Amino acid sequence: MQTKLDAESAKPLYEQIKDYILDNIHAGVFAPDARIPSERALSEQFGVNRLTVKKAIDELTQAGHLYVQIGKGTYTRRAKFDQQLEQLTSFTTDMSRRGQRVSSVILRAEILPATVEEARILQVAPGANLVLLERLRLANRVPMAIEQTRFLASRCGGILEGHDFTRESLYQVLRDDYDIVLTHAEQSIEARLATRDESRLLQIEPNGAILHMTRLTYMLGDFPFEYALSAYCGMRYKFNAILRHL
Ligand code: 16G
């Protein structure tokens, strides 16, 4: 691993410092969520101007490899969760597969009449009862996403009273207790900035990156059942798909 800078190299010094930091992250020398040496320490170590180090750190921060905790220092960012897009899975399944402990904070749980738009999407009459469940989803206590889901109350009476969604999986309850078999979903992903509340709940910087997902999930018989709007933390997720040639 590079420990000295090469003043003769065509590569600018700040780029060489970036390489040094990235190499240390990849080699595990700078562990995830660990503080890296300060600007001053790095500038002394390499015998360069502090501004050179600052430029390297700023660019790595912008690219999502590092984050700054004001008054504390600069830390390495944990690798993103890779998620396949082809499978219809629940948050609990996705995270459990990775050995993460799932928990949720309930933000809203109530029965509400469908608006005209919701009724159109879920193919029910306007005013039909929908369960609204909004949760902050955590993996090993780290906030990952805010999910707001609406689904047909007529199919699953008493679901909010009978279950503790701070720890239970909605998809599992639907399957085990209500015989609801979810078959497929249409999902879109858009980029946007976090609102103030989202930044606070997800513990990300103000205006942090959000991957906004809209999911319409169908049950057996091809009936729309769930309409979910989710705000996933852009810095903690990466979505993958396999593309086949036409
Ligand atoms: C997923 C779904 C969400 C669903 C939830 C159920 C997206 C992108 N994903 O995260 O629609 O309500 O799983 O999770 O919206 P659970 O079974 O763990 O409660």
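For the reader, a short list of remarks on this structure follows.
- The chain, dipole about Cα centre (Lys/Arg Cβ +1, Asp/Glu Cβ -1), debye to the nearest 20: 720 debye
- Shape of the range 13-76, Cα gyration tensor, a/c cut at 1.5: rounded
- Listed residues Glu198, Glu205, Glu186, Glu15 arranged by accessible area, highest first, probe 1.4 Å: Glu186, Glu205, Glu15, Glu198
- Once both labels are positioned 7 Å from their Cα atoms along Cα-to-Cβ, the gap between Asp222 and Ala27 label points is 5.8 nm.
- Whole-percent carbon and sulfur share, accessible surface of the chain, 1.4 Å: 51 percent
- For the range 235-246, Karplus couplings with θ = phi - 60° (6.51, -1.76, 1.60), whole Hz, Gly/Pro x: 6, 10, 10, 9, 9, 10, 9, 9, 9, 9, 5, 5
- Given a 1.4 Å probe and the protein chains as shown, Lys238 ends up with an accessible area of around 100 Å².
- For the range 26-35, backbone phi angles converted through the Karplus equation (6.51, -1.76, 1.60; θ = phi - 60°) give residue-by-residue couplings of 5, 7, x, 5, 9, 5, x, 6, 9, 7 Hz, Gly and Pro being listed as x.
- Nitroxide proxy distance, nm - points 7 Å out along Cα→Cβ at Gln187 and Asp164: 2.8 nm
- Where only DSSP H runs of four or more residues are counted, the chain gives -8000 deg cm²/dmol as its mean residue ellipticity at 222 nm, each run worth -39500 (n - 2.57).
- Overall form of the range 58-150 per C-alpha gyration tensor (a/c, 1.5; a/b vs b/c): prolate
- Efficiency of FRET between Glu86 and Arg155 - r from beta-carbon atoms, R0 25 angstrom, step 0.05: 0.45
- Solvent-accessible area per residue in the chain equals 57 Å², computed with a 1.4 angstrom probe and all protein chains kept.
- Backbone geometry of the range 74-83 corresponds, through the Karplus equation with coefficients 6.51, -1.76 and 1.60 at θ = phi - 60°, to 3J(HN,Hα) couplings of 10, 10, 7, 8, 4, 4, 6, 6, 8, 10 Hz, x marking Gly and Pro.
- Largest GNM mean-square fluctuation among Glu117, Glu226, Glu59, using the chain with Cα springs under 10 Å: Glu117.
- Shape category assigned to the range 113-202 from the gyration tensor of Cα positions, a/c cut at 1.5: oblate
The values are calculated or read from the model by the stated rules, or taken from the named source; none is laboratory data. Small disclaimer: the values here were computed from a predicted structure and weren't measured. Every residue, glycine as well, gets a Cβ built from its backbone with ideal geometry; the counts of neighbours run over all protein chains shown. With ligands, DNA and RNA removed, areas are computed over all heavy atoms of the protein, side chains included. Shrake-Rupley method; radii C 1.70, N 1.55, O 1.52, S 1.80 Å.
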